[in-house]
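Here's the structure we're looking at; comments come further down.
The values are calculated or read from the model by the stated rules, or taken from the named source; none is laboratory data. Remember, predicted model here, so these are calculated numbers, not experimental data. So basically every Cβ, Gly included, is an ideal-geometry build from the backbone, and we count neighbours across all protein chains shown.
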Amino acid sequence: MRARLSFAVLLLGLAACAPIPTSIPQPTPSKIPEKPGKVQLRAQTFAQLAGWQNDHQGQALVAFQKSCASILKRPKSASLAANDKTPGGTVAQWQGPCQAASSVSTNSPDAARQFFETWFRPYAVMDEGDHEGLFTGYYEPQLNGAWSRGGKFQTPLYARPNDLVSVSLGQFDDELGGSTIWGQVQDGKLKPYATRADIENGGGQNLKPLMWVDDPVDAFFLHVQGSGRVKMQDGTIARVGFAGKNGRPYKSIGRVLIDSGEIPANRLTMGAIRKWVHARPKAGPALLKKNPSFVFFRLLQGDGPLGAQGVALTAERSVAIDRRYLPLGAPLWVTTHDPLDAQKPFQRLMIAQDTGGAIKGVVRGDIFFGPGASAAKRAGNMKRPGQYSILLPLSVVPLTQ
């Protein structure tokens, strides 16, 4: 999984993962779940999916083929579902569509559309009858870095320490499937790792820098995103990804600035935070340390960034979901609105390939918009209500209808 949050969440502490909005829309508290949800599915036909005939499903098929490569590595009896109360089916039930997907042309929208219509059935996803949820966005940022400390490169990105422990709670209780906690074993007990302030003040143990970057604010935002590209001094690009976190809760520095009266809510942007921190040599670093959460990284090889399923994400076709309710690798028909135009529908087939620290809820999606400035702008402005339908193989009979 990743440890990132949207910039609506980063700035206001209320949602999920991305950058640079010109203004931050007010949150929708009713859509932020305060208690565990309950998945309900309602069978549909493809004709009922608004915009289905207008999508280029071949682009989603590219992402689905990547997910299938991961699914087919697992034992046939393994379940894709988080627990017996959520949809998913077994690997054996996904074998047919996954094997068939490899021979379908991704360049033909008609062939790809026919593939999904042949092998799957759509189901509207609801949380105890409520079909509407929140959709945000994230992207892949780029930083400047060096392999050794020196000059302007003074901020470390740390590798995962060898004493960091992760625990998948679903192994102990099916009701907690999809949840993971992180920490350090001390005196036979699992406790949270050192806080951000402790680590940055030199109190962390067993920490080894992976590389050094030139801007502590960029590094902080990289912790939020969970992955990114680093342009090294020789011009090469190193890709880094999430390797673990300290198990401490996330605290929004944007909320701190708003509550203290330093920046009005309607003027809070990533640029405003950056400017505030850079203008205050003492108060700026102190502000960043108010967020106790800290992320560790690893170098990635090949395509990326990698999502929680372990496959490279595809721009505007990969979506992060709450693993407690929906299976990774499942196709989802997303219906919301464009981040830059609230009147323009955003309707397309996407694949659930990622998770995120603030992606909580049955109907909750975080859309990956890719790398670059355009992606940053789209991700930063993505905070829309919407719905989705899950596509399940015909052999899977949901228990939650």
For this session: Could you please find all residues in the range 141-161 being closer than 13 Å to residue 211 by Cβ and not in a strand (DSSP E or B)?
Result: 147, 148, 149, 154
Exercise. Does residue 238 qualify as being surrounded by fewer than 17 Cβ atoms within 10 Å (Cβ to Cβ) and hydrophobic (A, V, I, L, M, F, W, C)?
Worked result: no
For this session: Could you please give the count of residues in the range 263-280 that are surrounded by 18 or more Cβ atoms within 10 Å (Cβ to Cβ) and either in a helix (DSSP H, G or I) or over 25 Å from the mean Cα position of the chain (by Cα) (or both)?
Result: 5
Exercise. Which one of these does residue 374 not meet: (1) within 22 Å of residue 222 (Cα to Cα); (2) at pLDDT 95 or above; (3) more than 18 Å from the chain's Cα centre (by Cα)?
Worked result: (2)
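Is it the case that residue 153 is without any contact (Cβ under 8 Å) to a residue 12 or more places away in the chain, assigned by TED's automatic domain parsing to the domain that holds residue 224 and not basic (Lys, Arg)?
On the way: without any contact (Cβ under 8 Å) to a residue 12 or more places away in the chain: no; assigned by TED's automatic domain parsing to the domain that holds residue 224: yes; not basic (Lys, Arg): yes.
So residue 153 fails the test.
Among 227, 260, which is surrounded by fewer than 14 Cβ atoms within 10 Å (Cβ to Cβ), of a type in the set (S, T, N, Q) and either assigned by TED's automatic domain parsing to the domain that holds residue 164 or touching a residue at least 24 places away in the same chain (Cβ under 8 Å) (or both)? Steps first, answer last, please.
Values: 227 fails: surrounded by fewer than 14 Cβ atoms within 10 Å (Cβ to Cβ).
Unique residue meeting the criteria: 260.
On the given criteria, is residue 144 within 26 Å of residue 380 (Cα to Cα) and surrounded by fewer than 17 Cβ atoms within 10 Å (Cβ to Cβ)? Step through it out loud before you land on a result.
Values: within 26 Å of residue 380 (Cα to Cα): yes; surrounded by fewer than 17 Cβ atoms within 10 Å (Cβ to Cβ): yes.
In short, yes.
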Problem set entry | Index of the failed condition, residue 255 passing every other in (1) basic (Lys, Arg); (2) buried (at least 17 other Cβ atoms within 10 Å of the Cβ); (3) outside any helix (DSSP H, G or I) | (3)
Problem set entry | strands (runs of 3 or more DSSP E) wholly inside the range 295-350 that include at least 1 residues being among the hydroxyl-bearing types (Ser, Thr, Tyr) | 318-320, 331-338
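For the range 356-401, which positions are part of a loop (DSSP other than H, G, I, E, B), of a type outside the set (A, V, I, L, M, F, W, C) and surrounded by fewer than 24 Cβ atoms within 10 Å (Cβ to Cβ)?
Filtering the range 356-401 down to residues part of a loop (DSSP other than H, G, I, E, B) leaves 356-363, 381-382, 394-401.
After this cut, where a residue has to be of a type outside the set (A, V, I, L, M, F, W, C) as well, the list is 356-357, 360-361, 381, 395, 398, 400-401.
Hits for the range 356-401 are 357, 360, 361, 395, 398, 400, 401.
Just to be sure before I move on: is residue 95 loosely packed, with under 15 Cβ neighbours inside 10 Å, of a type in the set (S, T, N, Q), assigned by TED's automatic domain parsing to the domain that holds residue 71 and outside any strand (DSSP E or B) in the structure I sent? Walk me through it before giving the result.
Values: loosely packed, with under 15 Cβ neighbours inside 10 Å: no; of a type in the set (S, T, N, Q): yes; assigned by TED's automatic domain parsing to the domain that holds residue 71: yes; outside any strand (DSSP E or B): yes.
So residue 95 does not fit the description; no.
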